[in-house]
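Read the structure below first, then the notes.
The values are calculated or read from the model by the stated rules, or taken from the named source; none is laboratory data. Just so you know, these numbers come straight off a predicted model, no measurement behind them. Here the Cβ positions follow ideal geometry from the backbone for every residue, glycine too, while neighbour counts run over all protein chains shown.
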Amino acid sequence: MPKKYHIKPTPTAPRFMPVGRSGIIDWEEDCLKCTTCVKKRCLYDVYKNRAYDSQTLEDSIDYQCKNCFSCIQNCPRGVLSKTINPEFLRMGDAYWKPDIIHNTWFQAETGKIPVSGAGYRGPFSGPGFDAMWTDMSEIVRPTRDGIHGREYISTGIDVGRKQRYLKFDASGNVLLEMPPLVEIPLPVIFNVLPFGNLGQGILLSMAEAARQIGSLMYVTPATYGAFLKPFKDHLIPLLPVEGLDLDAEILEGVKMVELLYAPDVLACIQQLKLRSPQLVVSVRLPLDPKARTIAADLAHAGVEVIHLFADYRGNEFVEGDAPRFVKDALREIHLHLVNVSVRDQITLIVSGGIALAEHLPKAIICGADGAAVDLPLLIALECRVCKRCVAGKSCPVSLQNIDPEYGGKRLVNLMCSWWSQLIELMGAMGIRDVRRVRGEAGRAMFFEDLERDTFGALFSNR
């Protein structure tokens, strides 16, 4: 058995005061000056340790408070109260909601799964991945506890093309030429970031984290520099087909390359293969209504990896009509590749809208082999998704000045949390290899399918 994969977190406090979910209002002028003030009896010492950040105009108590309400309930004068922090509500957008940002900060700081102990109090169903539930029927079996090492659970995948069958000679030697594969111990690749003040510190943070967890990261010619040379084994150059330079420095020493889809992409793949036969070549294909047919054509033509990408909110690229979410478009493409008998031969990577740890296994259940994550990496480095950088304004947390050592720890912590949640879910499903999770739609429930099967006959004529 191979050595067990493990990610070790390192608690890493934020550089700036995080925005808290709620705020405490203190009407000090009505205080009775009790000798045993409820503030002094706080179990978490939030009043004792509170501080004020003059740069971000944040009070630390808004983030440190654990919402036990002990001080509010026990103050005899009732001068303390809590309210939702308006700054918290202003973070993010309709998809990247404040709760997602808040949970990502917690994971990047601690490396732990954000469990509150109060149970899920949200709606029964919601849009996107919230309309999907996974099968937890094996959760009662303690031997499936992968985090604590009671049973080996593999999260590794092979990126590349697989043979449809094996053929041997009389001596038992394999006659077929085996395509090159890149093995990664976690089905996560660091994607190109959608926006941000992307300085050298952020790229080095990503590269260092990719090296520590054994994964890969995409890099474009515009962001590549000599400072990334020590991380060549973990880089995937993302290149346009037009004007492809086979002797470019960015191609030296890498295991995998990705090309932006274009009609003549197959000719460029052939050129890369002639130059380096052991190079795994991927094609980045936009997720739109044509993607299903194009993906099947590429798979039949021998393409090794197809990267299906949606926008950063997880929507496919369409004009006019309402776009489908990535999980629905991905399921359709996966099933189409199964029907045309090529799915097992290729690797499917998906990106766009992968915001939380739970979205990773859900994307795999929908048909992906792995996922490329982008904005969660930026959020882990304290981004608030304010998009001031898009408008050319200054970043409130100075992402352009981030220390790579600090940033690398935060990203490793985030991936530790995602890895822990992945094996927790696999253990609860009774699955010990993440490769078996791929396409296992029978181990999940989809709200749209349940609604159609239950009420479709009643309302079909309306």
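Looking across 411, 399, one residue alone is aliphatic (A, V, I, L, M) and out of contact with any Cys (no Cβ under 8 Å at 6 or more places or on another chain). It is 411. Do we have any residue at all in the stretch 262-280 that's β-branched (Val, Ile, Thr), farther than 30 Å from residue 399 by Cβ, in the same structural domain as residue 181 (by TED's automatic domain parsing) and not in a helix (DSSP H, G or I)? Yes, the stretch 262-280 contains at least one residue that is β-branched (Val, Ile, Thr), farther than 30 Å from residue 399 by Cβ, in the same structural domain as residue 181 (by TED's automatic domain parsing) and not in a helix (DSSP H, G or I). Out of contact with any helix residue (DSSP H, G or I) (no Cβ under 8 Å at 6 or more places or on another chain), crowded, with 20+ Cβ neighbours inside 10 Å, part of a loop (DSSP other than H, G, I, E, B) and modelled with pLDDT under 95: does that describe residue 323? Here the answer is yes, as residue 323 does meet what is asked. Of all the residues in the stretch 87-101, those that are outside any loop (DSSP other than H, G, I, E, B), at pLDDT 90 or above and either surrounded by 16 or more Cβ atoms within 10 Å (Cβ to Cβ) or assigned by TED's automatic domain parsing to the domain that holds residue 384 (or both) number 3.
Looking at the stretch 23-43, is at least one residue at pLDDT below 85, of a type outside the set (A, V, I, L, M, F, W, C), surrounded by 14 or more Cβ atoms within 10 Å (Cβ to Cβ) and not in a loop (DSSP other than H, G, I, E, B)? Looking for residues that are at pLDDT below 85, of a type outside the set (A, V, I, L, M, F, W, C), surrounded by 14 or more Cβ atoms within 10 Å (Cβ to Cβ) and not in a loop (DSSP other than H, G, I, E, B), one finds at least one in the stretch 23-43, hence yes. Screening the candidates 60, 81 for the property of being modelled with pLDDT of 85 or more and touching an Asp or Glu at 6+ places or on another chain (Cβ under 9 Å) yields one hit, 81. Taking the stretch 270-288 as the range and being modelled with pLDDT of 95 or more and of a type in the set (Ser, Thr, Tyr) as the test, only 282 passes.
Across the stretch 159-185, the number of residues qualifying as farther than 27 Å from residue 254 by Cα and touching a Pro at 6+ places or on another chain (Cβ under 9 Å) comes to 0. Of the residues in the stretch 350-368, not one is over 26 Å from residue 434 (Cβ atoms) and either surrounded by fewer than 19 Cβ atoms within 10 Å (Cβ to Cβ) or out of contact with any Ser or Thr (no Cβ under 7 Å at 6 or more places or on another chain) (or both). The residues of the stretch 58-89 that are within 28 Å of the chain's Cα centre (by Cα) and touching a residue at least 60 places away in the same chain (Cβ under 8 Å), listed by number, are 84, 85, 87, 88. Those helices (runs of 4 or more DSSP H) of the stretch 345-462 in which 1 or more residues are within 20 Å of residue 8 (Cα to Cα) and of a type in the set (Asp, Glu) occupy 404-429.
When residue 81 is tested against (1) out of contact with any strand residue (DSSP E or B) (no Cβ under 6 Å at 6 or more places or on another chain); (2) surrounded by fewer than 16 Cβ atoms within 10 Å (Cβ to Cβ), exactly one condition is not met: (1). For the stretch 249-293, the tally of residues that are touching a strand residue (DSSP E or B) at 6+ places or on another chain (Cβ under 6 Å) and charged (D, E, K, R) stands at 3. Figure legend. Inter-residue proximity from the stretch 157-171: first residues among the small types (Gly, Ala, Ser), second residues surrounded by 10 or more Cβ atoms within 10 Å (Cβ to Cβ), beta-carbon distance below 8 Å, spacing 6+ or different chains. Indicated pairs: 160/179; 160/180; 160/181; 160/182; 160/280; 160/304; 160/305; 160/347.
The number of residues in the stretch 60-86 being assigned to a loop (DSSP other than H, G, I, E, B) and over 22 Å from residue 99 (Cβ atoms) comes to 5. Quick one: is residue 230 surrounded by fewer than 22 Cβ atoms within 10 Å (Cβ to Cβ), in contact with a helix residue (DSSP H, G or I) (Cβ under 9 Å, 6 or more places away or on another chain) and under 14 Å from residue 255 (Cβ atoms)? So residue 230 fails the test. Restricting attention to the stretch 129-146, which residues are under 15 Å from residue 445 (Cβ atoms) and either among the small types (Gly, Ala, Ser) or at pLDDT below 85 (or both)? If the condition is that a residue be under 15 Å from residue 445 (Cβ atoms) and either among the small types (Gly, Ala, Ser) or at pLDDT below 85 (or both), then 131, 135, 136, 137 are the ones that fit.
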